[in-house]
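Student: After the structure tokens below, expect a handful of questions from me.
None of the figures in this text is laboratory data; all of them are computed from the coordinates on show. Everything numeric here is computed off the predicted structure, so don't read it as measured data. We place every Cβ from the backbone using ideal geometry, glycine too, and count neighbours over all the protein chains shown.
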Amino acid sequence: MICDVNLKNRIKRTKGQMQGVLEMMDSDHACMDIVVQLKAIRASIDKAIGILTTENLKQAIIETNNVSSKKVEDAISIIIKGI
């Protein structure tokens with residue numbers, strides 16, 4: 001699978017957030033502040049999983065069925081939006 005640079009950058013930002021949480025723990029930050037950061041990390045990881053699986057699906061459909069990426073993107077957009 002070909003991974004998009006934007007996805008890799010998202011993962012790198014999440015890695016930085018995790019390092020920040022460890023630093024917050026070492027600096028005795030308030031529990032609520034740490035929880036807020038952990039929730040942001042979880043949301044970022046969930047988004048990365050969605051992007052990764054969507055891109056994998058698109059690549060598989062395009063390669064297997066020889067269709068344009070625009071048609072696949074439009075179909076996925078319809079599914080995501082629930083239209």
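Student: Could you list, ordered by first residue, the pairs with Cβ atoms under 6 Å in which the first is in segment 40-67 and without any contact (Cβ under 8 Å) to a residue 24 or more places away in the chain and the second is hydroxyl-bearing (Ser, Thr, Tyr) and surrounded by 11 or more Cβ atoms within 10 Å (Cβ to Cβ), at least 6 apart or interchain?
Tutor: Pairs that qualify, where the first residue is without any contact (Cβ under 8 Å) to a residue 24 or more places away in the chain and the partner is hydroxyl-bearing (Ser, Thr, Tyr) and surrounded by 11 or more Cβ atoms within 10 Å (Cβ to Cβ), are Ile62/Ser69.
Student: Being without any contact (Cβ under 8 Å) to a residue 40 or more places away in the chain and not in a helix (DSSP H, G or I) narrows it down to one residue among Asp28, Asp33; which is it?
Tutor: It is Asp28.
Student: For segment 9-27, state whether one or more residues are surrounded by 10 or more Cβ atoms within 10 Å (Cβ to Cβ) and within 18 Å of Ile80 (Cα to Cα).
Tutor: No: segment 9-27 contains no residue that is surrounded by 10 or more Cβ atoms within 10 Å (Cβ to Cβ) and within 18 Å of Ile80 (Cα to Cα).
Student: When you scan segment 34-83, how many residues do you find that are surrounded by 12 or more Cβ atoms within 10 Å (Cβ to Cβ), more than 19 Å from the chain's Cα centre (by Cα) and not aliphatic (A, V, I, L, M)?
Tutor: Residues in segment 34-83 being surrounded by 12 or more Cβ atoms within 10 Å (Cβ to Cβ), more than 19 Å from the chain's Cα centre (by Cα) and not aliphatic (A, V, I, L, M): 1 in total.
Student: Residues that are among the acidic types (Asp, Glu) and assigned to a helix (DSSP H, G or I): does segment 6-23 have at least one?
Tutor: Yes, segment 6-23 contains at least one residue that is among the acidic types (Asp, Glu) and assigned to a helix (DSSP H, G or I).
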